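Taken together, the values in this text are just the output of simple stated rules run on the coordinates, not laboratory data. Owing to the predicted nature of the structure, the values given are computational and were not obtained by experimental measurement. Positions of Cβ are backbone-derived with ideal geometry, glycine not excepted, and every protein chain shown enters the neighbour counts.
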Amino acid sequence: MIVYQSTKSKFLDDHDNLDIEEVIAHGYLQRTGRYAPDAEMRSWKASLSEMAKVLRDGDIAEDVGVGIEFGIPQSAKRIDFILSGQAESGSPNLIIVELKQWSQAALTDKDGIILARRGGSAPPTEGTHPSYQAWSYATLLEGFNEAVYDHGVALSPCAYLHNYVRDDIIDNARYDAYTQKAPLFLKGEEERRRLREFIKKHVRRGDNGELIYQIENGRIRPSKALVDSLAGMLKGNREFVLIDDQKVAFETAVSAGKRASEDRKQAVIVQGGPGTGKSVIAINLLNHLSKLGLVCQYVSKNAAPRAVFKAKLTGSFKTNAIDNLFRGSGAFTTTEPNAFDALIVDEAHRLNEKSGLYGNLGENQIKEIIQSAKCAIFFVDDDQLVTLSDIGHSRELERWASQLGAEVTRLQLASQFRCNGSDGYIAWLNNMLGIGEVADELVSDFDFDFRVVDSPNELHRLIEDKNAANNRSRVVAGYCWDWISKKHPERNDIVIPEHGYARKWNLSQDSSLWIVAPNSINEVGCIHTCQGLELDYVGVIIGPDLVARSGQMTVNPEARSSNDRSIRGWRSSMRRDPDATRERLDQVIRNTYKTLMTRGMRGCYVYCVDPETQSHFKRRLEQP
């Protein structure tokens, strides 16, 4: 997506004869269906006027392409300003300009991180240096767009802070690694001249915006999957570039890990929704902190991610080395205090109180993890608590950390890279399922392949077609059907007679490796074997535990299978405390479907067994 596309001459004409911010706002409304915030309008007016001054140079070709607010594929990130043309050699080149209105900043001791006021009167916050930001956006674009990747397009990022005077802070030597990759241009006529020379060096001739058109309409390369990049990451290869708040979270956690001691325990709580990069950051931390000589482990309650990670690493690392890197959350009931320098806890919302097969070991997993490490790093999504025994809510993590004397740092991840980077889809889904704070009305025209299909057979056929490309698509369902095939392998589990649909749960043969097993496309997965992992396309069968009645989604725990341990004991709990239990059941069932419906990076297809619910989904999807 690009909000504005033209040439230098047309951009200057629009700037001189129209209110340029209104032109951009009109394009923004057309492309997104939303009105631009006032703060963004003010930013466009100020920064685009400065870019107009830069481009008033007769040696910059009139037909150089200009693009404003260029959306990076498969993310919610937008590049402020781009210029396209050809270098002296005739090769295609794209200049990426990160625009900032800052006038002051402060140093930090974290790599690529600077302290600055990032919006209006808000207090200064830590974030990526503008040169790091420009470079990381260029790297993202190169990785996702085939027009860039396959056709030799050179990307030349830079940052332009037109209100900032050099002060040995923004241009401090500690940021040299990034200012060399993405030069920094600041306030003043000499800086403006330097930026003009940078532009003329990389785009000697214009192209009428043809390259911008090619990139916007070019094919999107498949996203990297964490499981496929795992071995390279643990060997120190840069498989993923951390963007904006991801980089801040990573560097903050590294800093906490380095300063932690027995007398100064640290707890870092990183909150983030689906696809915000929690697991990518966690694996990067495991590698980086280990290389610093710290004793650390990756911890998760879910067996499925650990099993998939270990399977992918087999052959690249020794078995005992793999086992020493990945542990279950119940492994610390008898661990000596501060035995680890750092424990990195992914999917921390899934932590339980008790451990062991029969839930009879230990006292509290949160407490035991914090006690066992000088630094505990928790990655959590409060909207992914999916069983009655999940206790890892961010409030509970913070309560235990404070009680045990740890210094607590809280961080928020907002950058979303799953669901094609569509924040609109996540907002629509939250609204649909009644999760969290949601707007009264939301558009359904989001940039994500979401469909409501008419039968489970069609759903499975669509997913099988998508899976043929790379074995990264699967069908999942709410746990509303008994696991009959466990004792009777010849029988099917998920049976929907009116459509002649009959499939087995994935629980028998492939178990935790179902999501990567080559033949498991024929089976149906559940929450227990896909949470914490990602797919390209996911097909979701919504069972009778979540139904629409009179236009509202409501839960029906009675429809859950008796084999499902996630709400085991709910009937007796209802007798003890009906209000609290009802609220908890409501949360668990809604969260389960949100988790299932956000496994796909590129698409999600849904079939509802309840006809009224099916109709409700279709109506809400068709609303303007």
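Report ³J(HN,Hα) in whole Hz for each residue of segment 370-377, in order, from the Karplus equation J = 6.51 cos²θ - 1.76 cosθ + 1.60 where θ = phi - 60°; Gly and Pro get x.
Result, ordered by residue: 5, 5, 7, 10, 5, 9, 10, 10 Hz.
Cα-based Rg (one decimal) and Dmax (whole number) for the chain, in Å?
Rg then Dmax for the chain, in Å: 25.8, 80.
List the residues, sorted by chain then number, that are 5 or more residues from D449 or on another chain and whose placed amide H is less than 5 Å from its amide H.
It is C604, by chain and number.
Suppose the Debye formula is applied to equal point scatterers at every Cα of segment 82-201; what is log10 I(q)/I(0) at q = 0.19, 0.20, 0.23 Å⁻¹?
-1.03, -1.10, -1.32
Debye sum, Cα scatterers, segment 226-413, no solvent: what log₁₀ I/I(0) at q = 0.14, 0.16 1/Å?
-0.71, -0.95
Given H placed 1.01 Å from N in the peptide plane, which residues other than close sequence neighbours of K187 have an amide H under 5 Å from its amide H?
Correct list: Y164, V165, R166.
Compute the acute angle (0 to 90°) between the alpha-carbon long axis of helix 130-144 and the principal axis of greatest extent of the alpha-carbon atoms of the chain; round to the nearest 10°.
The angle comes out near 60 degrees.
Could you tell me what percent of the DSSP beta bridges with both partners in the chain are antiparallel, to the nearest 5?
Numbers: 34 of 89 bridges.
Antiparallel bridges: around 40 percent, rounded to the nearest 5.
Remind me, relative contact order of segment 2-217 in percent, using alpha carbon pairs under 8 angstrom and six or more residues apart?
Values: 422 pairs, mean separation 55.3, N = 216.
Once divided by the residue count of segment 2-217, the mean separation gives 26 percent.
Could you compute the FRET efficiency for S511 and R166, with r as their C-beta to C-beta distance and R0 at 56 Å, rounded to 0.05?
Values: r = 60 Å, r/R0 = 1.06.
For S511 and R166, the calculated efficiency is 0.40.
What number, in percent, do you get for the relative contact order of the chain if the mean sequence gap of Cα pairs under 8 Å and at least 6 apart is divided by its residue count? Don't skip to the answer; put the middle values down first.
Numbers: 1307 pairs, mean separation 74.0, N = 624.
Computed value for the chain: 12 percent relative contact order.
Once the other residues with Cβ under 12 Å from the Cβ of V165 are scored (Lys, Arg +1; Asp, Glu -1), what is the net sum? Walk me through the numbers on the way to the answer.
Working: positive: R166, K187; negative: D167, D168, D171, E190, E191.
Net local charge, V165 excluded: -3.
Starting from the Cα of E262, move 7 Å in the Cα-to-Cβ direction to define the label point; list residues of segment 270-311 whose amide nitrogen is under 18 Å from there.
294-296
Is it possible to state the helix-based mean residue ellipticity at 222 nm for the chain, with each DSSP H run of 4+ residues giving -39500 (n - 2.57), the sum divided by total residues, to the nearest 500 deg cm²/dmol? What is it?
Working: 20 runs with 225 residues, N = 624.
That calculation yields -11000 deg cm²/dmol at 222 nm.
Students often check this: by mean Cβ neighbours within 10 Å, which of 238-251, 318-331 ranks highest, and how do the rest follow? Walk me through the numbers on the way to the answer.
Numbers: 238-251: 20.9, 318-331: 15.4.
Those peptides, ordered most packed to least, come out 238-251, 318-331.
Scan around E407 for amide H atoms under 5 Å from its own, H built in the peptide plane at 1.01 Å from N, and keep only partners 5 or more places away or cross-chain.
Distant-sequence amide H within range of E407: K265, Q266, A267.
Compute the FRET efficiency between K618 and E558 as 1/(1 + (r/R0)^6), taking r as their Cβ-Cβ distance and R0 = 25 Å, and round to the nearest 0.05.
On the way: r = 25 Å, r/R0 = 1.02.
Using R0 = 25 Å, I get an efficiency of 0.45.
Report, to the nearest 10°, how far helix 38-55 tilts away from the longest principal axis of the Cα atoms in the chain, using its own Cα long axis and a range of 0 to 90°.
For 38-55 against the chain, the angle is about 40 degrees.
Taking θ as phi - 60°, what are the ³J(HN,Hα) couplings along segment 487-497 by the Karplus curve (6.51, -1.76, 1.60), each to the nearest whole Hz, with x for Gly and Pro?
9, 10, x, 7, 9, 9, 9, 8, 10, 10, x
By how many degrees, between 0 and 90 and to the nearest 10, does the Cα long axis of helix 20-32 differ from the longest principal axis of the chain?
30 degrees
Given a cut-off of 22 Å, name the pairs among K53/K201; K318/K367; K110/K265 whose C-alpha atoms lie farther apart than that in the structure shown. Before the final figure, lay out each step's value.
Details: K53/K201 18 Å; K318/K367 31 Å; K110/K265 19 Å.
Beyond 22 Å: K318/K367.
Taking θ = phi - 60°, what integer Hz values does the Karplus form 6.51 cos²θ - 1.76 cosθ + 1.60 yield along segment 383-397, in sequence order, with x for Gly and Pro?
8, 10, 6, 10, 9, 5, 8, 5, 10, x, 5, 4, 5, 5, 4
For an R0 of 35 angstrom, estimate the FRET efficiency from the Cβ-Cβ distance between N492 and A414 and round to the nearest 0.05. The partial results should precede the final answer.
On the way: r = 42 Å, r/R0 = 1.20.
Efficiency, from the Cβ-Cβ distance: 0.25.
What is the Cα radius of gyration of segment 419-622 over 2.2 N^0.38 Å, N being its residue count? Numbers along the way, then the final one.
Details: Rg = 16.5 Å, N = 204, 2.2 N^0.38 = 16.6 Å.
Scaled against compact globular proteins, the figure is 0.99.
How do the peptides 55-65, 175-185, 342-352, 262-272 rank, highest first, by the average count of neighbouring beta carbon atoms within 10 Å per residue?
Details: 55-65: 16.6, 175-185: 18.6, 342-352: 26.6, 262-272: 20.5.
Sorting 55-65, 175-185, 342-352, 262-272 by mean packing, highest first, produces 342-352, 262-272, 175-185, 55-65.
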